[in-house]
Amino acid sequence: SSETFWTTTGMFPQEFIIGFPECVKISKVAIQCYLVRTLRIERSVSKDPVGFEQCIEKDLQHTEGQLQMEEFPLPDFQATYLRFIIKSAFDHFVSVHRVMAEGT
């Protein structure tokens, strides 16, 4: 829902994990967020959310008053869990409005 979002508690790093019912092939991940400075995405192919490995780490551009929209192409990528770590921010609080994963 565009009316809901996840917000941090003010200290960094902050993280959230998205799980899939089974290991899936992902071709692209997109995120809409606000005031995120550095974002890391990790994956796990385990049945439980353990054994994460780093896939992407990126410094995002500051977009005053607008959502940041980032897409990450992931060729030949499999995951059961994705962990999003917000390492730093442009303010004390940030928000994540949407995460999309495309694939099969």
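A few comments on the model shown:
- Peptides 33-46, 53-66, 89-102, ordered by how many other C-beta atoms sit within 10 Å of their residues on average, highest first, read 33-46, 89-102, 53-66.
- Where the Cα pairs of the range 32-71 fall when distances are cut into 5 Å bins, in %: 6, 22, 23, 16, 13, 12, 6, 2
- Distance between the 7 Å Cα→Cβ label points at Lys58 and Gln78: 2.5 nm.
- Solvent accessible area, Å² - Ile18, 1.4 Å probe, full protein context: 50 Å²
- Under the Karplus curve 6.51 cos²θ - 1.76 cosθ + 1.60, θ = phi - 60°, whole-Hz ³J(HN,Hα) for the range 13-20, x wherever Gly or Pro sits: x, 10, 8, 9, 10, 10, x, 10
- Rg/Rg_ref, the range 1-92, where Rg_ref = 2.2 N^0.38 Å and atoms are Cα: 1.10
- Accessible carbon and sulfur surface of the chain relative to its total accessible area, %, 1.4 Å: 49 percent
- Relative contact order of the chain: 48 percent, from C-alpha pairs under 8 Å at least 6 residues apart in sequence.
- Note that the range 44-52 has calculated 3J(HN,Hα) couplings of 9, 10, 6, 6, 10, x, 9, x, 6 Hz, one per residue in order, obtained from phi through the Karplus relation 6.51 cos²θ - 1.76 cosθ + 1.60 (θ = phi - 60°); glycine and proline are x.
- Note that the range 44-104 presents 64 Å² accessible area per residue, ligands and nucleic acids not counted, probe 1.4 Å.
The values are calculated or read from the model by the stated rules, or taken from the named source; none is laboratory data. Keep in mind it's a predicted model, so treat the numbers as computed, not measured. All Cβ positions, glycine included, derive from the backbone under ideal geometry; neighbour counts span all protein chains shown. Accessible surface is based on the protein model in full, side chains and every heavy atom, while ligands, DNA and RNA are left aside. Shrake-Rupley method; radii C 1.70, N 1.55, O 1.52, S 1.80 Å.
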